[in-house]
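Bear in mind these aren't lab numbers, they're just calculated from the coordinates by the rules spelled out. Computed from a predicted structure; not experimentally measured. Don't worry about glycine lacking a Cβ; one is built from the backbone with ideal geometry, like all the others, and counts go over all protein chains shown.
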Amino acid sequence: MTSLRGRLVVLLVAGAATVLAAVAFSSAVGPQPISFQAAFSGVEPDHAILLELRFPRALLAAVVGAALAGAGVALQALLRNALAEPFVLGVSGGAALGGTLVILAATLAVRAFGPGAALFFEGAPVALGAVAGAAASAVLVFGLARIQGHPVPETALLVGVVFNAFASGLITVLRLLVPPEQAARLLYWLLGTVAYQGAGTILAGAVGVALTLALLVLFSGRLNLLTLADEEAASLGVDVRRTRAVIFFAASAATGAAVALSGMVGFVGLIVPHLVRRVVGPDHRLLVPTSALFGAAFLVMADALARLLFLPLGTEPPVGAVTAFLGGPFFLWLLRRSGRPQAGGFA
Amino acid sequence: MSPSPALGWPEPIVDVRLVSFRYGGTPALEDVSLSARSGEFVGLVGPNGAGKSTLVRLLAGLLAPGRGRVRLAGLDPSSAPRRQVARLCALVPQEPRLTWPFTVREVVMMGRAPRQGFLALPGPLDHGAVEGALRACDLVHLADRRIDALSGGERRRVFFARALSQEPRVLLFDEPTAFLDLGHQVAAMRMAQAAARGGLCVLAVLHDLNLAAAACDRLVVMSRGRVVADGGPAEVLTAERVREVWEVPVWRGENARSGAPVVLPEL
């Protein structure tokens, strides 16, 4: 029996090393070959390509991946089902709707008060709108999926799908209300794009995501108990309602931040926690931090591969398309697997 | 009234006075009073819907009484902080739910949660309590197995061990023998008896009257939300009372060796 502390240290070191390797790989590849040595000694354009384009982009992908994987683990604990995921449950859709509403408000404000008004709506307010949208949709989906006090996973997934369709329909309508150039940007954002963002945006996003992940790590012992029946968790000393509210908030904040930074990137929160769970087991004290790290590495690699594979075409798909391409079949495989009778309640 | 500890009687650690409870508009308990002391093994018996499980949930603080008061070692379990209640009182649920296949040791370690901080990293005290509970429930050889790989009887022992690792003073069972074969039923009752002899106050909802009569120090008979009898098994389980409460004609005899009452339904 190895101690929990020992396993945690090994996993954190392995995860951090994987993230570093992924970031290095992603920084190295692209249409323009660069040399790290030249870049670090200030030779242009290598220096600018590495430090102003590729490295920030890899960092952004890492932040978004960590947030989505962490949110996925939290939602799976809340729903007590391995198929829960921010995108599938409509939480990402809610975040996108929240962010879009703020952008629309900005457009209307600019129309009414002149270009200066846009300052009040760029960046942070869009992110807050996304977080609020994520929280509202999470509460809605889980609220509608509770039958006699127990969350019913199948219902939650259905409600999530319906809510996603509803949110994207609404966003389509809202897009008609903004100028065409902004509408195009909105569309590209919503597809799930790890774009070249400013250092300030990435830093703010990283801090926000780190805080919500820290909250999840802090509550990871209680997450284990939340996967039991409510009364069982309560009899083991968990204030179920309050703890659930904290986890809801953390999962929504992480999803909202991820969507604000890079739109709707799906299935990261499904694929990564599932693979990590197969290695480390279901203990959330290991699962939460390890999933966050490998989620970061996963999205960095997905983004790098998207860039690399489409190099001959001279274009690149949004990373959300890559994760959907991988995640869709994965979801179906998981669904078939968890539906097998001998698997019982264990996914 | 009740003798003081100085006279050699411990104060009752479980003290329920004139408690009533309704689910919405449906009355479940009416003026129920009950007390139990440390070291006692009390069986709660009665037909389905008599209010036994409701009483257990009130004792665990999962429900708050509509009228009357519930005290565990002087604490109101429905309003005290959950962690404090969980250090005092453990509940072995009827049908524990596990979404993910934790190992036996991980599940038993969950009993330490009310004594652990946020990250819940276990210390030597936690490991000691878990190993002790695994030994007491004969689970040492299964400790690293996944819980979904165990039989129903083994799984039941795991949740019993989890309750022991809580190091509670009151142990509540909701039908510890349901769905178990005879061997596992007897094993479950022996573990409950051992816990009581170790100084815990053990309350168990039981359906098998003969098992309850053989194992418990005291039986509390409930019917339609009320306590209709409370005392030693031989005194409480009369043929007349069983007929009246369960509405079944029975033959009542006695185990010649132990003196415990035996009731058999007459079909």
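Quick notes on this one:
- For the pair B:Leu119 and B:Phe179, label points projected 7 Å from Cα toward Cβ lie 3.7 nm apart.
- Bins of 20 Å from zero: percent of alpha-carbon pairs in the protein assembly as shown: 18, 42, 26, 11, 2
- Cα-projected label distance for A:Glu52 with A:Ala245, points at 7 Å along beta-carbon direction, nm: 4.8 nm
- Placing +1 on the Cβ of every Lys and Arg and -1 on the Cβ of every Asp and Glu, with no other charges, gives the range A:4-343 a dipole of roughly 680 debye about its Cα centre.
- Treating r as the C-beta distance of A:Ala136 and B:Arg257 and R0 as 56 Å, the FRET efficiency rounds to 0.25.
- Spacing of the modelled spin labels on A:Leu313 and A:Leu20, each 7 Å from Cα toward Cβ, amounts to 3.5 nm.
- Taking B:Pro12, B:Pro65, B:Pro81 in turn, the Gaussian network model of chain B (Cα-Cα springs below 10 Å) assigns the largest fluctuation to B:Pro81.
- Dipole of the protein assembly as shown [Lys/Arg +1, Asp/Glu -1 at C-beta], most positive-end residue of B:Asn255, A:Met264, A:Gly149: B:Asn255
- If R0 is 30 Å, the Cβ-Cβ spacing of B:Thr26 and B:Val140 corresponds to a FRET efficiency of close to 0.10.
- Dipole of chain A computed with +1 at Lys/Arg Cβ and -1 at Asp/Glu Cβ about the Cα centre; of A:Ala24, A:Ala250, A:Asn224, farthest Cα towards the positive end is A:Asn224.
- Remark: mean inter-chain Cβ contacts per residue of B:111-118 equal 4, using a 10 Å Cβ-Cβ cutoff to other protein chain atoms.
- The ranking of A:Val194, B:Val228, B:Val242, A:Val280 from fewest to most other beta carbons within 10 Å of each one's beta carbon is B:Val228, A:Val280, B:Val242, A:Val194.
- Exposure rule at most 16 other beta-carbon atoms within 10 Å, DSSP loop chymotrypsin sites (Phe, Trp or Tyr not before Pro): chain B longest free segment: B:1-117
- Summary: within chain B, the longest segment free of GluC sites (Glu not before Pro) located in DSSP loops with at most 10 other C-beta atoms within 10 Å is B:1-246.
- If you wrap the Cα atoms of the range A:4-343 in a convex hull and average its projected area over all directions, you get 19.0 nm².
- In the range B:109-214, the trypsin sites (Lys or Arg not before Pro) that fall in loop regions by DSSP, at most 15 other Cβ within 10 Å: none
- Cβ-based net charge around A:Asp230, under 12 Å, with every Lys or Arg adding one and every Asp or Glu removing one: +4
- Compared with the dominant principal axis of the Cα atoms in chain B, helix B:152-165 is inclined by about 80°.
- Span-rule helices in chain A, defined as complete DSSP H runs reaching 24 Å or more along the axis (Cα) with Kyte mean at least -0.5: A:4-28, A:55-79, A:91-113, A:124-144, A:153-175, A:199-218, A:240-262, A:284-309, A:319-338
- As a rough footprinting exposure proxy, the listed residues B:Met109, A:Met301 were ranked by other beta carbons within 10 Å of their own, and the order from fewest upward is A:Met301, B:Met109.
- In terms of overall dimensions, the range A:228-307 has a Cα radius of gyration and Dmax of 15.3, 51 angstrom.
- Chain A, helix-only ellipticity at 222 nm - DSSP H runs n ≥ 4, -39,500 (n - 2.57), divided by all residues, nearest 500: -24000 deg cm²/dmol
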